[in-house]
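J.: Handing you a structure now.
The values are calculated or read from the model by the stated rules, or taken from the named source; none is laboratory data. Model, not experiment: these values are computed from the prediction. Ideal geometry is used to build each Cβ from the backbone, glycine not excepted, and the neighbour counts take in all protein chains shown. Only protein heavy atoms, including side chains, enter the accessible area calculation; ligands, DNA and RNA are left aside. Shrake-Rupley method; radii C 1.70, N 1.55, O 1.52, S 1.80 Å.
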Amino acid sequence: MTAKVLDVWWDGRVVGQFTQDRHGDIGFAYAQAWLDDDNALPLSASLPKRPERFSHRECRPFFGGLLPEETQRLVAAQALGVSPANDFALLDRLGGDVAGALQLLPEDQEYIETGPIADQQPMDDAGIVRVLDALPTRPLLAGEEGLRLSLAGAQSKVPVVLIDGQIALPLPGQATTHILKPPIARFRGTTENEAFMMRLAAAIGLDVAPVEPRSAEGRSFLLIERYDRVRDDSGVVRRIHQEDFCQALGVPPETKYASEGGPTFKDCFELLRRVSARPATDVLKLVDAAVFNLIVGNADAHGKNFSILYDDQGPRMAPLYDLLSTAAYPDLSPKMAMRFGKRATLAEMDLDGWQAFAKDAGVGLRLLRRRIAELCGAVLTESGGAASSLCDVSGSQAIPDINGMINDRARMISMTMG
Ligand SMILES: Nc1ncnc2c1ncn2[C@@H]1O[C@H](COP(=O)(O)OP(=O)(O)OP(=O)(O)O)[C@@H](O)[C@H]1O
Ligand SMILES: [Mg+2]
């Protein structure tokens, strides 16, 4: 049995080959033309350009990191009839449109140039409901005719195309522009919660992906604009490359939490200082994100919930995404995915925790103190407005409850600096 091969495409050019040998091990090798082009970027900070092939262990964090996780991965594999541990088989079936610029295509498959947003029929509400009903047994609509879509994460979702404000499924080769996220069945109001946290982050001046809560036939879902896609003047949607911090640091998705060996704040700040084209700005962006997450109780901010975007401005921290107040759900652990020094919860937080965090970030304690005060103040000022704009839309009781809780947390944090 010879090796299996997928060509890795980036903006119409082949970057290299992703392979699986007869022992099941995956590998990646850059194409010579890509290596020879000094302007061609590496796929990942963890896969620097070199002629030697990357081993299974070396390339798995990046490639495996493109795939859905946990139950999403398991159920998608079942729908496709492949093994959930087989990254190659999963990318073979799902790797047509992923986070970032890449497309993974079988060797014999012709590359389809991304055209202008085609005039395919958007879905009506009944069509959207059919998608919502299909996702529990077909994550990312895995196995549906003509669709090869992948995104990381443990929650249900499917990338889509927005045409004049209406949702459509992508045509083969077409770049998706938005992500459709249904609510998490076992927790109340997650769509409203995530919409609220994302809108609040935007309202206080953080760089965050725009979101819109929508519904079809009374079924709510969140529509998230992709920051790794741009529409040029002729209406053609282009893919922009990105990778999450675990991919960049060579950490496989199964150990994304710092408690399992995944990235700590220190690792993340070091990564930004090493790869960002504007490290000082990005370090402050991550400081703000960490403080915001502690204020709103978003405990799930692990290394796959931060990314680096590679566009013509050079590598930099991507807008924030996946902001959910997990503190709204008492069944979820209150421990922050990344500790502030030795402190993992708001209740434990104290000056020691902040001092350790400032050291990890490489910023002064005075600057941090000022930023905490500003962000807490901004949350207290802006959260009511962000909450009421969304309450009007959904009529949900979840939002006022979360609003009250995060205001209490903002007041508490102001006092943790001692
Ligand atoms: N607005 C966006 N633009 C581009 N890519 C995005 C955007 N939002 C999310 N992504 C990508 O999709 C992946 C999954 O999204 P998200 O983190 O929201 O899913 P999730 O299933 O809720 O994750 P988790 O497992 O952390 O709960 C992200 O890791 C990121 O790579
Ligand atoms: Mg996530």
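J.: Stokes-Einstein diffusion coefficient for the range 1-61 at 25 °C in a medium of 0.890 mPa s, Rh from the Kirkwood formula over Cα pairs: what value in µm²/s?
T.: Value of D from the Cα-based Kirkwood radius: 206 µm²/s.
J.: For the range 279-418, count all C-alpha to C-alpha pairs, find those more than 22 Å apart, and express that count as a whole percent of the total.
T.: When all Cα pairs of the range 279-418 are counted, 40 percent exceed 22 Å.
J.: Separate question: Rounded to whole Hz and in sequence order, give me ³J(HN,Hα) for the range 95-108 from the Karplus expression 6.51 cos²θ - 1.76 cosθ + 1.60, θ = phi - 60°, writing x for Gly and Pro.
T.: Going residue by residue, I get x, x, 8, 10, 5, x, 8, 7, 10, 9, 10, x, 3, 8 Hz, with x marking Gly and Pro.
J.: Nearest 10 degrees, 0 to 90: what angle lies between the long axis of helix 125-134 and the longest principal axis of the chain (Cα atoms)?
T.: With rounding to tens, the tilt is 80 degrees.
J.: Follow-up. For D311, which sequence-distant residues (separation of 5 or more, or a different chain) have an amide H within less than 5 Å of its own amide H, given hydrogens modelled in the peptide plane?
T.: R316
J.: What does the extension gain come out to for L332 and D233, with contour length at 0.36 nm per residue minus their alpha carbon separation?
T.: 31.1 nm
J.: On to the next question. Within the chain, what's the longest stretch lacking GluC sites (Glu not before Pro) that sit in DSSP loops with no more than 13 other Cβ atoms inside 10 Å?
T.: That would be 218-418.
J.: Working out 0.36 nm times the residue gap between R13 and T255, then minus their Cα-Cα distance, what length gain in nm do you get to one decimal?
T.: Gain on extension, R13 to T255, equals 83.9 nm.
J.: Between 0 and 90 degrees, rounded to the nearest ten: what's the tilt of helix 190-203 against the longest Cα principal axis of the chain?
T.: Tilt of helix 190-203: around 70 degrees.
J.: Loop-only trypsin sites (Lys or Arg not before Pro) in the range 1-104, please: DSSP not H, G, I, E or B, and at most 16 other Cβ atoms within 10 Å.
T.: For trypsin sites (Lys or Arg not before Pro) across the range 1-104 that sit outside H, G, I, E and B with at most 16 neighbouring Cβ atoms in 10 Å, the list reads R22, K49, R53.
J.: Please give the helix 398-416 orientation as an angle from the longest Cα principal axis of the chain, in degrees from 0 to 90, rounded to the nearest 10.
T.: 70
J.: What does the accessible area of R369 come to, in Å² to the nearest 10, when a probe of 1.4 Å is used?
T.: Estimated to the nearest 10 Å², R369 gives 100 Å².
J.: Moving on to the next point. Tally Lys and Arg at +1 and Asp and Glu at -1 over the other residues with C-beta under 12 Å from the C-beta of L80: what net charge comes out?
T.: With Lys, Arg at +1 and Asp, Glu at -1, the neighbours total +2.
J.: Could you tell me the number of lysine pairs in the chain with C-alpha atoms less than 14 Å from each other, where the two lysines are 8 or more residues apart or belong to different chains?
T.: Eligible lysine pairs with Cα atoms under 14 Å apart amount to 5.
J.: For H23, H56, write out the residues from largest to smallest accessible area, computed with a 1.4 angstrom probe and no ligands counted.
T.: Highest to lowest solvent-accessible surface, that is H23, H56.
J.: Still on this structure, I have one more. Take the solvent-accessible surface of the protein heavy atoms, probe 1.4 Å, and return the percent of it on the chain that carbon and sulfur atoms account for.
T.: After summing per-atom areas, the C and S share lands at 50 percent.
J.: FRET efficiency for A134 and L351, Cβ-Cβ distance as r, R0 = 45 Å, nearest 0.05?
T.: According to the calculation, E is roughly 0.35.
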